[in-house]
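A short worksheet on the structure shown next.
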Amino acid sequence: MALKLFCALFMVLSMAGFSKEVKDESTGLTFPEKVTIEKDGKTYQLSNTGVATRRKLIVKVYSIASYLQDGAFKGGDKFAPLLGDEFAKEIIIKFNHDVSGEKLRASFEDALKSNLSQADYGSLQQQITQVLGVFNDVKPGDEYVIRALPGGYTAILQNGKELSSLTNSTFSKALWATWVGPNSVVKRDNLVTNLQ
């Protein structure tokens, strides 16, 4: 009996050292439950708000996990803190299918066009071209992280390496609207299921 109790206690203590994960049931891909962002001497703790799958016809292109700064959601509209620029937030995209860089850039550009006014798109076109230019051909297992901090700072990382950054609130809000706005490319409700 004492041995069984000791083994059970050991397993609980061992598991406490591992971070929990969230899973996209559609693809089987997993993501951390929590992430930490450090920038300019500040540390932001974020928790997962949900996961979704980007589909193109029958192809499951990628799984996406959304994160929001702890304490940012205080009830009400679940999408508001994800669409604003007052809090740290992050998107992790794990690819489940090959996609050419050209198609990836075109997809993001189309999404930005649908979420920006014509005037805003025109004024930001040079920066948009520069930021989207970092998207390359991807294969299953490749990962992009899109990170935003208060004030409109946005950074794009591929497989852990920062590729590009831009500080512009209009751009940041439009980019997040790709997944959590009314014209979302995924089932956006799935990205806020963990907000309580």
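You will find that of T49, T36, the residue that is within 12 Å of I92 (Cβ to Cβ), modelled with pLDDT of 95 or more and among the polar types (S, T, N, Q) is T49 and no other. Residue check: is F87 assigned to a loop (DSSP other than H, G, I, E, B), over 15 Å from the mean Cα position of the chain (by Cα) and surrounded by 13 or more Cβ atoms within 10 Å (Cβ to Cβ)? It is false that F87 is assigned to a loop (DSSP other than H, G, I, E, B), over 15 Å from the mean Cα position of the chain (by Cα) and surrounded by 13 or more Cβ atoms within 10 Å (Cβ to Cβ).
The strands (runs of 3 or more DSSP E) found entirely in the range 116-196 that carry 3 or more residues being free of Cβ contacts under 8 Å to residues at least 60 places away in the same chain and over 12 Å from the mean Cα position of the chain (by Cα) are 161-167. Here R105 meets each of (1) more than 26 Å from N194 (Cβ to Cβ); (2) of a type in the set (K, R); (3) touching a His at 6+ places or on another chain (Cβ under 7 Å) with one exception, condition (3). Can you name the residue in the range 60-84 that is of a type in the set (G, A, S) and without any contact (Cβ under 8 Å) to a residue 24 or more places away in the chain and is also surrounded by the most Cβ atoms within 10 Å (Cβ to Cβ) among such residues? Checked the range 60-84; the qualifying residue surrounded by the most Cβ atoms within 10 Å (Cβ to Cβ) is A72. Just one of (1) crowded, with 17+ Cβ neighbours inside 10 Å; (2) more than 19 Å from K89 (Cα to Cα); (3) polar (S, T, N, Q) fails for T129. It is (1).
Each residue in the range 98-113 was checked for being loosely packed, with under 15 Cβ neighbours inside 10 Å and either polar (S, T, N, Q) or touching a residue at least 40 places away in the same chain (Cβ under 8 Å) (or both), and 2 of them qualify.
The values are calculated or read from the model by the stated rules, or taken from the named source; none is laboratory data. Please read these numbers as outputs of a predicted model, since none were measured by experiment. Neighbour counts run over all protein chains shown; Cβ positions are idealised from the backbone, glycine included.
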